[in-house]
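Asks: Sending over a structure as structure tokens; questions will come in a sec.
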Amino acid sequence: MSNSGHPKDQGDRRGLMLVISSPSGAGKTTLARKLMEEFDDIALSISVTTRPPRPGETDGVDYHFKTEDEFRGMIRRREFLEWARVFDHLYGTPRADTVAMLEAGKDVLFDVDWQGADALHDQMPRDVVSVFVLPPSIESLKSRLAARPGSTDEIVERRMRDAKAEMRHWRRYDYAIVNDDLDVAYQRLKRILLVERLKRLRQLSLEDHVRELMGEA
């Protein structure tokens with residue numbers, strides 16, 4: 001769906017990096033998907049990974065699939081904004097792709113944990129807008145995790161421990177949303193996006209506009 005029904009931005013703008021984090025089961029993936037369905041000028045960051053493609057995955061669409069040697073080469077050339085080892089595989093955010101989209105006025109959406117959010121902020125602090133999604137209660141989070149296919153008591157308990165560890169870092173984020181009602185949470189996330197797009201530093205044409213108003217153009 002196009003975003004043509006939304007208020008227009010004031011002239012040319014630089015895109016922003018919208019970082020959304022949450023404990024597993026709090027709903028960040030659903031919120032991110034709704035945002036991308038409504039706005040045609042926001043794109044999901046495509047990570048580089050050393051893990052093999054799963055059935056149905058496409059290189060350059062789901063991930064950029066690389067060998068470990070290729071990935072290590074990208075690290076040496078400082079081609080990542082952030083990277084990490086997750087279990088047996090490496091994952092990273094390519095710098096060039098992100099910068100190109102920002103300069104084209106396209107927002108980039110990141111689904112990362114608090115460490116990834118910190119790394120992105122360290123690299124590009126003026127571009128990052130971070131949002132942490134919280135569940136309404138521990139009980140509701142546990143119910144969501146237990147309802148997932150293949151869940152066992154052991155898996156749920158491990159994910160609950162991971163969730164509590166992730167939630168300890170919520171204060172590091174610019175915004176926090178409690179996802180009690182999906183529609184309400186989504187409207188709050190959308191308002192964050194629209195307001196952040198209007199920040200002065202992202203309105204690239206304002207300098208020339210003010211010079212013209214002042215007779216300095």
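Asks: Set Lys and Arg Cβ to +1 and Asp and Glu Cβ to -1, take the dipole of the chain about its Cα centre, and tell me which of Val129, Thr93, Ala26 lies farthest positive.
Replies: Comparing the listed Cα positions along the dipole, Ala26 ranks first.
Asks: Are any of the pairs Lys66/Lys164; Lys66/Lys199; Lys28/Lys199; Lys28/Lys106 more than 29 Å apart by Cα-Cα distance, and if so, which?
Replies: Pairs exceeding 29 Å: Lys66/Lys164; Lys66/Lys199.
Asks: With contacts defined as alpha carbon pairs under 8 Å and 6 or more residues apart, what's the relative contact order of the chain in percent?
Replies: It comes to 32 percent, rounded to a whole number.
Asks: Which far-off residues, 5 or more places away or on another chain, put their amide H under 5 Å from the one on Ala176, with H placed in the peptide plane?
Replies: Phe132
Asks: Here's a follow-up. As an exercise, use a Förster radius of 35 Å and the Cβ-Cβ distance of Arg72 and Ala165 to find the FRET efficiency, rounded to the nearest 0.05.
Replies: 0.80
Asks: For the chain, what does the equivalent ellipsoid look like in terms of its semi-axes, each the square root of 5 times an eigenvalue of the Cα gyration tensor, given largest first in whole Å?
Replies: Listed largest to smallest, the semi-axes of the chain are 32, 23, 15 Å.
Asks: Given the DSSP H assignment, sum -39500 (n - 2.57) over each helix run of at least 4 residues in the chain and divide by its residue total; what's the result at 222 nm in deg cm²/dmol, nearest 500?
Replies: The helix-only estimate for the chain comes to -12000 deg cm²/dmol at 222 nm.
Asks: Fully extended, how many nm does the chain gain between Glu216 and Glu139 (0.36 nm per residue separation, minus their Cα-Cα distance)?
Replies: Taking 0.36 nm per residue and subtracting the Cα distance, the gain is 21.6 nm.
Asks: Could I ask something else about it? Let's test the formula: R0 of 22 Å, r as the Cβ-Cβ distance of Met124 and Phe87. What FRET efficiency results, to the nearest 0.05?
Replies: After rounding to 0.05, the efficiency reads 0.25.
Asks: Placing unit charges on C-beta atoms (Lys and Arg positive, Asp and Glu negative, everything else neutral), compute the dipole magnitude of the chain about its Cα centre in debye, rounded to 20.
Replies: Dipole size: approximately 480 debye.
Values in this text are rule-based calculations from the coordinates and carry no lab data. This structure is a prediction, so every number in the text was calculated from the model and none was measured. Note that each Cβ is placed from the backbone with ideal geometry, even for glycine, and that neighbours are counted across all protein chains shown.
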